[in-house]
Amino acid sequence: MVQIRRWAGIATALLATELLVAGTAAHAAPAPDPVRVNVEDAVTAKLLGQARAATADHADESDTRVTVTRRAGGWAFGTAVTVTSHEEDIHPTGAVFIARAEAGTWRVNFDGEAGFSELAAESPLVNKQEKAVFARTPSTMQAGGDYRTGMALPFAVGQTWTMTSGPHGWGGYEAPYSSIDLAGGDQVVRAARAGTAYTMCTGWIRVIHDRGYSTDYYHLWSNISANGTAVGQGAYLGYTGTDVTCGGAASGRHVHFGLRQNSAYVSIAGHGLGKWEFANGASAYQGGARHGSAWVGAGGGLYNYGALGFNQAVVDANGGGTLTRRSGPGSGYGALGSVGDGATVTVSCSANGTSHTGRYGTTALWNRLSDGSWVSDAYLWTGVNGPINGWC
Ligand SMILES: [Zn+2]
């Protein structure tokens, strides 16, 4: 008995010494600290905090799927998803995350957060392509009235698909109406713009683009298995389907396509994709999109014209017809011909001239096109209320 006690005493002493050494080492070396919290637990805690803040639902650990896809030297990278029940008008939510061991715990940032860009810049787990995409561009974004995305619709350019539902929430009826449902054509779902792709869940791909944007594609069949995979615009992501592995319901095959900016779903209305500007309806799943003067509502066909360049515009003659090209920035200048409603034009620079009123209001702004002729900004959709390529 005595001996056993004696050994126990030595063991306790050794343990105390080791703790002391570990503590000393932590003070001497700045990093990495011994991490006492499991990274999956740290990510889960952040995910649940967001889920509880966003909805009245009582999400718990059993609803979360944290997948660490890369891990090394005090860093971790992966996906974090909150699954939902298999009801209609519900979809799972989630994030791509980067975590770094800091002060005995994990700093966790989700894609789109400012801290995510900071961690991405330093992390050895993030490849060069991802670093380029994750870096923030200090441009004026949606909140500053810039609705350009540089995105095509998420299927092959030149095809017409049915917009089975107009703008609605990622989850269904909740605001913002970030999402649309599409089906048809060859049923191949493609990246709306270049970026890096991640499999969030079976059937769910997220592509992170430049300028703070990302796009989500859900219900896919035969989706790619992606973990930071570089994709070009139009790259295959999967087929439209009815997959509901992580929640929700799908009565017929389609892609539930959502637009995100800076770590949150944003209203797709006002944004340009495939040279269509989306608009909300009186309620979720209604609404539609406009290309020039052509309007397509839910249930109609959307032709994918491809991405509108950042210095390009779609002619909107506000009722059809043509727009007169002039030799200078005003209606007093000579006519040089015309350009049709729905045509794409490239803007070289802008200047003030005579005022005109189009679909979006009255403006004195005129644009000099790449062919040297001028047109009023009142009859162009650019995604920006102002010059898109500087002043002349
Ligand atoms: Zn949908």
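Just so it is clear, none of the values below were taken in a lab; they were calculated from the coordinates. These figures come from a predicted structure and were not determined experimentally. A quick note on method: Cβ atoms are made from the backbone with ideal geometry, for glycine too, and the neighbour counts reach across all protein chains shown.
Annotations
- Between helix 39-54 and the chain: long-axis angle, C-alpha atoms, 0 to 90°, nearest 10: 50
- Between the listed residues Val188, Gly228, Gly297, the Cα displaced farthest toward the positive end of the dipole of the stretch 160-303, a dipole computed from Cβ unit charges relative to the Cα centre, is found at Gly228.
- Ellipticity estimate at 222 nm from DSSP helix runs (n ≥ 4, -39,500 (n - 2.57)) divided over the chain, nearest 500: -5000 deg cm²/dmol
- The C-alpha atoms of the chain define a longest principal axis, and helix 2-28 lies at about 30 degrees to it.
- The stretch 312-376 and the stretch 211-235 have Cα centres separated by 36 Å.
- With the largest listed first and rounded to whole Å, the semi-axes of the equivalent ellipsoid of the stretch 308-392 from the Cα gyration tensor are 15, 15, 13.
- The charge dipole of the chain, taken about the Cα centre with unit charges on the Cβ atoms of Lys, Arg (+1) and Asp, Glu (-1), comes to about 820 debye, rounded to the nearest 20.
- Contact order, relative form, for the chain: 13 percent (alpha carbon pairs under 8 Å, 6 or more residues apart, mean separation divided by residue count).
- Cysteines without a disulfide-compatible neighbour (Cβ-Cβ under 4.7 Å), the chain: none
- Mean separation of Cα contacts under 8 Å, 6 or more apart, over the residue count of the stretch 312-381: relative contact order %: 36
- For the stretch 267-389, averaging the sequence separation of C-alpha pairs within contact (under 8 Å, six or more residues apart) and dividing by the residue count gives a relative contact order of 21 percent.
- Cβ-based exposure ranking for Arg290, Arg52, in which fewest neighbours within 10 Å come first: Arg52, Arg290
- Linear extension gain, Ser85 paired with Ala114, 0.36 nm per residue minus alpha-carbon span: 7.4 nm
- Shape call, the stretch 112-269: gyration tensor on alpha carbons, a/c limit 1.5: prolate
- Across all Cα pairs in the chain, the calculated P(r) in 10 Å bins from zero up to the longest distance comes to 5, 21, 26, 20, 13, 8, 4, 2, 1, 1, 0, 0 percent per bin.
- For the stretch 39-134, the Kirkwood radius over C-alpha pairs fed into Stokes-Einstein at 20 °C and 1.002 mPa s yields D = 154 µm² per second.
- Among Gly73, Gly361, Gly145: highest mean-square fluctuation, GNM of the chain, C-alpha pairs under 10 Å: Gly361
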